[in-house]
Amino acid sequence: MFAEVIVDVAAKQTDKTFEYKIPSELKNVAVGSRVVVPFGRRKVQGFVVDIHAEANYQGELKELSLVLDDQIPLIPELVKLSEVLARKLFTYRISILQAMLPSMLKAGYKKNIVPLTDSARALPIFNGKVIDAATVRSNADILLINKLLATKAAKIDYVVKNKASHKKDVIYSISNSKKDYLEILANLRTNAFKQKILLNDIIENYESYPKRQQELANLGIKSDVLRNAVNNNWLQKQEVDVYRDPTAADMIHASKVVQLNAEQQAALDQINQQIVRKNAKTFLLEGITGSGKTEVYLHAIAECLKNNKSALMLVPEIALTPQMVNQVKSRFGKDVAVLHSALSEGEKYDEWCRIRNQETHVVVGARSAIFAPLTNIGLIIIDEEHEASYKQDNTPRYHARDVAILRSEYNHCPLVLGSATPSLYSRARAQKGVYQLLRLNNRANNKELPKVQIIDLKKAMFAGTQFDISVDMLNVIKKTIAKKEQVILLLNRRGFSNFMLCRECGYVLQCPNCDISLNYHKDINQMKCHYCGYEINKPYVCPKCHSKHIIFLGSGTQKIQEELINMIPNVRILRMDIDTTRKKGSYQKILSAFGQGQADILLGTQMIAKGLDFPNVTLVCVVNADIGLAVSNYNASEKTFDLLTQVAGRAGRADKEGLVLIQTYNPDHYAIKLASVQDYEQFYQSEMRYRYIGNYPPFYFTTLVSIVSHNEPLAAKQAFLVKRLLTKKLSQATIVLGPTPSAIGKINNQYFYQILVKYKKEPYLAETLSYIQNYAQDIAKNDINVYIDQEPENIM
DNA sequence: AGCACGCCGACT
DNA sequence: GTCGGCGTGCTC
Ligand SMILES: [Zn+2]
Ligand SMILES: [Zn+2]
């Protein structure tokens, strides 16, 4: 038998299958197996994507070296999907396969240098042992090793390291009868206290064996006693795999099923019908904040399980809170797996294994969970489908929604896209009938909508010395805190955080590799580049003029925090932005501290718009609703509307009236006006008009072509050639914009030139783009790369 | 991506 | 004569 293998070498030239002979001693080789194969001089990891009886390749065939897992990691659906996605996204198939699997299944590579002769072994560098090639650093050593290799006194061993391992627990089981143990106990020496404890436990808790080593240790039985017990055949020692379960300790109470209202029930009926009929239909569930979308999801999942099918639910990373997870687990218990970036690598791998071994049938997770190895899927849900985080912002640049559609087609199951503020893309598709629109117009528990007040900053008086918080806003904040109620304060700004400025010469500390300033990271006391990862120690004098008068400009939230502390005596503030949430789990920590009333104000960037509902929050303040609008991105209005609608939903509960204050310089802008009355449908109408006039999505599809080189003139020249090619090959109606140099000049010493293609129908686009990628490879050989991003999030 | 091979200039 | 720099080509 012969296997077609995709090798773990991400390059254009190796982006194809390589054929290998399957040696008869390798059992369990199947489509989807993770294997080690010889590849040229070295060994690499690979994935079997096809198996056939006859050899296709004309030349000499090598054999597969090794199969790496007991359970075949890739299900056939994903093997097939990887091919489709690689083609659609213009990336290497191996990159897609890696993205589909937990990072634990990524190979590590090592080169060992093995001495072959006695004289070589005797050299101090070997000291009789094999050494790692990476440890050979000095010129003298490199020279020596090269000599040895040339004279065959040493050789290089290429090793593929498999990280995947299960946590092992040691358990002790019993094989004698209770009577036997009583006899053993009777014959023990009088001073064998620990052995007596052990035997008494065996006799008293006979049924609860086998026991884990830890449990026995808790009784005071140490390993020496256990070793003795094993030697005497009282106990048998075994190693078993256990799953690292981060939530094992949490007691989750079964919750009772909530009765749906008529509107929810009607939506559910539509979804259930398609689950039963096994129809790959896409629904857009448009439900205002508080309309109970989650309940509909949970009911649909229950229907799915009832039909012996599994269900996949995606939630934005930031909304994947313990509360959210518990809500699902309380309904479906152990049948739920959670794939979450806050888990450790091992925990992620174990959750993934539980899914792969079909031990759970409900998967909840963020973007990458769309590749969960679930079989027999009966329903896919994407909650808050408008969230930009569903699009991965590095290669492979897939959108979870697009992948979901492919998986729903493969599994013949419905897909539910849910949102209070659907993306215009999805809403427009629902309009055209491509998706079926389901609407929830009522708040499920009849909560009042909060009152929204817009503060016109053109006329407002500012409190304090900074021009950010108006007197009106400050007064309401003070009043709310005085009533012992809580406030959420949102700064609508991407985290421009701490950079170094010299007060003497005005120098801003920049990354040497990128045209962008370095950020100060308090936790590691270093300056770091967000684009290339470059790091240096925090300077104490200006690197340019050596003046000591350097300052580290705080983030916007930090400034406001300081101001509020000045203006409101004894105020307690929790700040939440990229600076305070960099550490794992800190995001949750801040939220729960605020929930427990440890602060009066939760101050933060966009990330506070999601997550928990705080019953004691009666005031939500948006400091600046305009920053989002000012960004010259075609979807700035949509993003602002989404954000405002979402935060407005945070204020007020059934018993206390909520108030939302929005400060803006554009009080008449439709995004702000309509968000204040939570009128999504009207916003949709207005925004569609704007998009139509501007030739923007969803009236056009977009593709961003980036031409990248270390050599700026080369990048520019090639970009113009690409543009000419595109204009020539694509149809008249298609708009080709650019090339323009990217906003940040260079990133990691590479220059980016971008071309935007807008099209309605372009049958030759894929062909043309792949032609361009090949052409770039041929013409400029080394230093030109062409990256393609379908439906980019940020365009001009 | 690595890794080797080969060609050429520079240096014992 | 040999070391090492880089351009070129291949990996089943
Ligand atoms: Zn200076
Ligand atoms: Zn950088």
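The values are calculated or read from the model by the stated rules, or taken from the named source; none is laboratory data. As the structure is a prediction and not an experimental result, all values here were calculated from the model. Positions of Cβ are generated from backbone atoms using ideal geometry, with glycine treated the same way; all protein chains shown enter the neighbour counts.
Worth a mention:
- Strands (runs of 3 or more DSSP E) lying entirely in the stretch A:460-528 (those with 1 or more residues that are at pLDDT 90 or above and away from ligand 2 (no atom under 16 Å from the Cβ)): A:486-490
Yes/no matrix, rows are residues, columns are (1) in contact with a helix residue (DSSP H, G or I) (Cβ under 8 Å, 6 or more places away or on another chain); (2) of a type outside the set (Asp, Glu); (3) farther than 28 Å from residue A:91 by Cβ; (4) away from DNA strand B (no atom under 16 Å from the Cβ):
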| position | (1), (2), (3), (4) |
| --- | --- |
| A:21 | no, yes, yes, yes |
| A:25 | no, no, yes, yes |
| A:28 | no, yes, yes, yes |
| A:31 | yes, yes, no, yes |
| A:41 | no, yes, no, no |
| A:50 | no, no, no, yes |
| A:53 | no, yes, yes, yes |
| A:63 | no, no, yes, yes |
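- Criterion (within 16 Å of DNA strand B (Cβ to nearest atom), modelled with pLDDT under 90 and over 30 Å from residue A:34 (Cα atoms)) met by exactly one of A:149, A:188: A:149
- Residues of the stretch A:588-604 that are surrounded by 16 or more Cβ atoms within 10 Å (Cβ to Cβ) and farther than 16 Å from residue A:650 by Cβ: A:588 alone.
- In the stretch A:330-387, of all residues being assigned to a helix (DSSP H, G or I) and free of Cβ contacts under 8 Å to residues at least 60 places away in the same chain, the one that is nearest to the chain's Cα centre (by Cα) corresponds to A:367.
- Hits in the stretch A:304-327 (condition: assigned to a helix (DSSP H, G or I), at pLDDT 95 or above and in contact with a Leu (Cβ under 8 Å, 6 or more places away or on another chain)): A:304
- Take the conditions (1) within 16 Å of ligand 1 (Cβ to nearest atom); (2) over 35 Å from the mean Cα position of the chain (by Cα); residue A:538 misses just one of them, which is (2).
- Checking the stated criteria, residue A:454 turns out not to satisfy the condition of being buried (at least 22 other Cβ atoms within 10 Å of the Cβ) and either closer than 30 Å to residue A:664 by Cβ or among the aliphatic types (A, V, I, L, M) (or both).
- Among the candidates A:543, A:569, residue that is surrounded by fewer than 16 Cβ atoms within 10 Å (Cβ to Cβ) and within 16 Å of ligand 2 (Cβ to nearest atom): A:543
- Qualifying residue in the stretch A:673-689 (condition: of a type in the set (Val, Ile, Thr), in contact with a Ser or Thr (Cβ under 8 Å, 6 or more places away or on another chain) and touching a residue at least 60 places away in the same chain (Cβ under 8 Å)): no
- For residue A:240: the one exception among (1) crowded, with 17+ Cβ neighbours inside 10 Å; (2) not in a helix (DSSP H, G or I): (1)
- Filtered residue count, the stretch A:529-543, keeping only those that are within 20 Å of residue A:581 (Cβ to Cβ) and either assigned to a loop (DSSP other than H, G, I, E, B) or touching a residue at least 12 places away in the same chain (Cβ under 8 Å) (or both): 4
- Filter result for residue A:787 (under 28 Å from the mean Cα position of the chain (by Cα) and within 16 Å of DNA strand B (Cβ to nearest atom)): yes
- Residue among A:227, A:212, A:277 that is assigned by TED's automatic domain parsing to the domain that holds residue A:292 and more than 30 Å from the chain's Cα centre (by Cα): A:277
- Screening the stretch A:546-559 for residues that are in contact (Cβ under 8 Å) with a residue 24 or more places away in the chain and surrounded by fewer than 13 Cβ atoms within 10 Å (Cβ to Cβ) and picking the one that is farthest from ligand 2 (Cβ to nearest atom) gives A:549.
- Against the conditions (1) modelled with pLDDT under 95; (2) surrounded by 15 or more Cβ atoms within 10 Å (Cβ to Cβ), residue A:70 satisfies every one except (2).
- Pairs, first under 10 Å from residue A:120 (Cβ atoms) and without any contact (Cβ under 8 Å) to a residue 60 or more places away in the chain in the stretch A:142-153, second part of a helix (DSSP H, G or I) and more than 12 Å from DNA strand B (Cβ to nearest atom), C-beta under 6 Å, six or more apart: A:148/A:120; A:153/A:120
- Some residue of the stretch A:600-608 being part of a loop (DSSP other than H, G, I, E, B), among the acidic types (Asp, Glu) and either at pLDDT below 90 or farther than 30 Å from residue A:694 by Cβ (or both): yes
- Residue satisfying all of: in the stretch A:36-89; of a type in the set (Ser, Thr, Tyr) and under 14 Å from residue A:7 (Cα atoms); farthest from ligand 2 (Cβ to nearest atom) among these: A:65
- Residue match in the stretch A:680-687 (condition: more than 17 Å from residue A:424 (Cβ to Cβ), out of contact with any Gly (no Cβ under 9 Å at 6 or more places or on another chain) and not basic (Lys, Arg)): no
- Qualifying residue in the stretch A:177-197 (condition: over 30 Å from residue A:47 (Cβ atoms), surrounded by 13 or more Cβ atoms within 10 Å (Cβ to Cβ) and in contact (Cβ under 8 Å) with a residue 40 or more places away in the chain): yes
- Restricting attention to the stretch A:105-122, the residues that are touching a residue at least 60 places away in the same chain (Cβ under 8 Å) and crowded, with 18+ Cβ neighbours inside 10 Å add up to 2.
- From the list A:592, A:547, the one residue that fits, being in a loop (DSSP other than H, G, I, E, B), more than 14 Å from residue A:487 (Cβ to Cβ) and of a type in the set (S, T, N, Q), is A:547.
- All positions within the stretch A:25-55 that are more than 31 Å from the chain's Cα centre (by Cα), at pLDDT 95 or above and either within 16 Å of ligand 1 (Cβ to nearest atom) or over 26 Å from residue A:110 (Cβ atoms) (or both): A:51, A:52, A:53, A:54, A:55
- Verdict on residue A:449 being of a type in the set (A, V, I, L, M) and either crowded, with 22+ Cβ neighbours inside 10 Å or assigned to a loop (DSSP other than H, G, I, E, B) (or both): yes
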